[in-house]
Amino acid sequence: YILFEQEVLNNNAIASGKQITLKDFFCLFLKDYAEPNLEANTIEYYKNIFKRVDEALGHIKLQKLSLTHIQKFYRNLREPGVKIVQKKKGDNANSDAKLADITVKKYHTFLVTLLNKAKKWHYISSNPALDIDTPKARKIEKAIPTKEEMAKSLNLLDEAPQKYKVSTILAIEC
C-alpha cells in the first residue's frame, strides 16, 4: 500500500518508468523536449551520439539502468577498435583506434543530461550517471618553440608567398 501511495503521489510516472527503455525515453525526450526547445544542430548531435548509446544501453529499462551499466559502457568506449575510422583512398586506417578521452566525456555529459530529464519527469528516482566520476580528458603537452626555432621559421617565411607571411605573423602575434 505504501508503494502504491508513493506511485500515485509521483503521478504514476516512476511506476510506468519500469516499463520504458532508455531508447523509448530518448524518443520521448526528442519529441517532448528537444524538438520544441533546442536548435536543429543540437538535436542532430543528440541523435548521432545516441546511436552508440542505443547499441549498448538502449534496451535497458530506465529503472534497471545502473551505475555499473554506464561504467561498462564508458570502459567499452575506451577499448581499441571502438573508434570508427573513415578510410580514405590509399589510407591505412588504424583498426585499433580508440576514442579520445574528451569524446568519452561528451557521452557522459549527454547521459547526465538525458537522465536528469528522466528524473525531472519522474521516470527514475535518481540519475545513476551522476554517481560516476566524470571521465578525465588527458592533457596533451604542447611543444613551445624556442626563440631560435621561431627565428628559423620566420626566416623561412622570407621565401613564402605573401598570404602565408601575413597569416603566420598574425598567428604569432595574437
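From the Cα trace of segment 130-170, what convex hull volume per residue do you get, rounded to a whole Å³? Let's see the in-between values first.
Numbers: hull volume 4.8 nm³, N = 41.
So the per-residue Cα hull volume is 117 Å³.
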(message) Filter 51/117; 23/139; 98/120 down to the pairs with a C-alpha to C-alpha distance above 30 Å, please.
(response) 23/139; 98/120
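Contour minus end-to-end for residue 45 and residue 172, with contour as 0.36 nm per residue of separation and end-to-end as the Cα-Cα distance? List each step's numbers first, then the result.
Working: separation 127, 0.36 × 127 = 45.72 nm, distance 3.37 nm.
42.3 nm is the gain from fully extending residue 45 to residue 172.
For residue 133 and residue 154, calculate 0.36 nm times their separation in residues minus their Cα-Cα distance, and state this gained length in nm to one decimal.
3.0 nm
Only the coordinates and a few stated rules stand behind these numbers; no lab work does. Remember, it's a predicted structure, so these values are computed and weren't measured experimentally.
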